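Input: a single structure, listed below in C-alpha cells.
The values are calculated or read from the model by the stated rules, or taken from the named source; none is laboratory data. Just so we're clear, the structure is a prediction, and the values are computed from it rather than from any experiment. Heads up, the Cβs are rebuilt from the backbone with ideal geometry, glycines too, and the neighbour counts pull from every protein chain shown.
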Amino acid sequence: MYFTQTVENRVDSEQKFFGRLLPSGSISLAPKWLLRARMTATAIMFTGSAFAVAADGNQLIGNPPNLIPDLSIGETDRAQKIFGVEGRDFAVAYILRGKVATERRTFDASVEMQLEMASLVARRFHGPRELVATAVKGLYWRMWLALESGQLPCFLGLEIPFVGYFRGEPFCLTAQFYPSGRYEVRGQDLDGWLFAFSGSPIIAELMQVRDERIAYKLKGPDDCPSLQDAIDATRAYIAACSAGFGLEVDPENCRGLGGHIHIATLTPLRRPSWLGRVMRGESPSGGFSWAIPPKTL
C-alpha cells in the first residue's frame, strides 16, 4: 500500500508496505463498536467457553491490491497472521493486521512481535491488560529503534487483537498503532459471546440470516454454539470474503482477500500440580492449538 506519512523528513513521499485497510466490527451481547481502518480478512468467535480465530493467507502490496498474489514482488497467499503463546498464567492468540512489513522486509512487525511475546513467557503479570500493555510497549520501542536506525521509514499503522485466557478467565484486548507514532490498548466486553471480524461488513451481516449463498448461518448465544461451531463460522466468513461471491456483494473490501485459511483455537489452560502429575497421572490440557495450521509451519 502507498503510505505518505513522513517522520523527520527522512522518507520519500511514497512508501510501500505489506497490508491494507479494511472495515472491522463485532457482533456481541455487549454494546456494539465499529471502527474503520482494519486491514485483512479475520474472524474471532467466542462461544462462552472457547475461542476460534481465523485469517486469510494473502499478503499484498498496493491499493487497490492485485486479485491474486504476485510472487515475483514478494506477495504471498500463505502468510501467517495468527500467532499463539502460552506462559505461566496465560494462553494467548493474536492477529497482526495492517501495514505489517516494509516492502524489502527491513522491518517485519510479525517477527518483532513474536520475539517480544517470547520474552514475556516466564514473567508473572497481575492481569491480561498488564500482559498485553507490556507486549505492545515492547513492540512500540522496537519500531522506534528501527526508525532511528533507518530500517523503518515511519511508524506502521497496525491493529493487533489479543484473545485468550488469563488464570482461566477469558479476555479480548486490541492494540492500535497509529502512523503518528502513538498507540493505545482497548478492551472488548465478551459478555458470554462474541463474533468480531475484519474484512467485509456485508458478509458479516449476511451470516446473521440464512442466506443461501453462504454455507453457514452464524449461531448466536441462544444456540449454545460449540467450539466446532466457532471454527465453522470463522472459516465460513473468511471463505465467503475470499470467494467470487464476496467480490460480487462487496468488491471494495473483498478485493485481494484469499489464500490459505488458517484457524487457531483457545480453551482454558489447565496445568496440574506436581502431585497431580506424579500421583494421579494428570496432564496439562487446553491452551492454544491449531485447527488448521498455516502453510508456513
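Scanning region 101-111 turns up one or more residues that are out of contact with any Asp or Glu (no Cβ under 6 Å at 6 or more places or on another chain), free of Cβ contacts under 8 Å to residues at least 60 places away in the same chain, over 28 Å from Leu269 (Cα atoms) and of a type in the set (S, T, N, Q). Can you find, within region 259-297, the residue that is farthest from the chain's Cα centre (by Cα) among those that are more than 21 Å from Phe166 (Cβ to Cβ), among the β-branched types (Val, Ile, Thr) and at pLDDT 95 or above? Here the residue is Ile292. Number of residues in region 248-258 that are within 8 Å of Leu67 (Cβ to Cβ) and either over 22 Å from the mean Cα position of the chain (by Cα) or assigned to a helix (DSSP H, G or I) (or both) equals 0. Would a scan of region 130-145 turn up a residue that is touching a helix residue (DSSP H, G or I) at 6+ places or on another chain (Cβ under 7 Å) and either part of a strand (DSSP E or B) or modelled with pLDDT under 95 (or both)? Checking region 130-145: not a single residue is touching a helix residue (DSSP H, G or I) at 6+ places or on another chain (Cβ under 7 Å) and either part of a strand (DSSP E or B) or modelled with pLDDT under 95 (or both).
Please find, within region 63-74, the residue that is modelled with the highest pLDDT out of those that are part of a loop (DSSP other than H, G, I, E, B) and not small (Gly, Ala, Ser). Don't jump to the end; show me each part of the working.
Kept after step one, since they are part of a loop (DSSP other than H, G, I, E, B), are these residues of region 63-74: 63-70, 74.
This time we only want the ones that are not small (Gly, Ala, Ser), so: 63-70.
On the way: Asn63: 66, Pro64: 66, Pro65: 69, Asn66: 70, Leu67: 74, Ile68: 76, Pro69: 79, Asp70: 76.
Restricting to residues being part of a loop (DSSP other than H, G, I, E, B) and not small (Gly, Ala, Ser), the top hit is Pro69.
Identify all residues within region 42-62 that are farther than 15 Å from Trp290 by Cβ and in a strand (DSSP E or B); write none if there are none. So that I can check it myself, show each step before the final result.
Going residue by residue through region 42-62, those that are farther than 15 Å from Trp290 by Cβ are 42-49, 56, 58-62.
Selection gives Thr42, Ala43, Ile44, Met45, Phe46, Gln59, Ile61.
Out of all the residues in region 192-237, which are of a type outside the set (Lys, Arg) and farther than 27 Å from Trp290 by Cβ? Hits for region 192-237 are Pro201, Ile202, Glu205, Leu206, Gln208, Val209, Asp211, Glu212, Asp222.
Output the qualifying pairs, or none if there are none: Cβ atoms under 6 angstrom, residues six or more apart or on different chains, first residue in region 153-165 and closer than 26 Å to Gly127 by Cα, second residue hydroxyl-bearing (Ser, Thr, Tyr). Short answer, once both residue conditions are applied: Ile160/Tyr94; Pro161/Thr174; Phe162/Tyr94. Just so you know, in region 112-139 the residues that are closer than 21 Å to Val100 by Cα and not aliphatic (A, V, I, L, M) include one that is surrounded by the fewest Cβ atoms within 10 Å (Cβ to Cβ), and it is Ser119. For region 181-202, the condition of being among the basic types (Lys, Arg) and more than 24 Å from Ala230 (Cβ to Cβ) holds for at least one residue.
If you go through region 94-109 one residue at a time, do you hit one that is surrounded by 14 or more Cβ atoms within 10 Å (Cβ to Cβ), modelled with pLDDT of 95 or more, part of a strand (DSSP E or B) and not basic (Lys, Arg)? So far as region 94-109 goes, yes, one or more of its residues are surrounded by 14 or more Cβ atoms within 10 Å (Cβ to Cβ), modelled with pLDDT of 95 or more, part of a strand (DSSP E or B) and not basic (Lys, Arg).
Out of all the residues in region 118-128, is one or more free of Cβ contacts under 8 Å to residues at least 40 places away in the same chain, among the aliphatic types (A, V, I, L, M) and out of contact with any Lys or Arg (no Cβ under 9 Å at 6 or more places or on another chain)? For region 118-128, residues free of Cβ contacts under 8 Å to residues at least 40 places away in the same chain, among the aliphatic types (A, V, I, L, M) and out of contact with any Lys or Arg (no Cβ under 9 Å at 6 or more places or on another chain): present. Scanning region 11-26 turns up no residue that is more than 30 Å from Gly168 (Cα to Cα), touching a strand residue (DSSP E or B) at 6+ places or on another chain (Cβ under 9 Å) and at pLDDT 70 or above.
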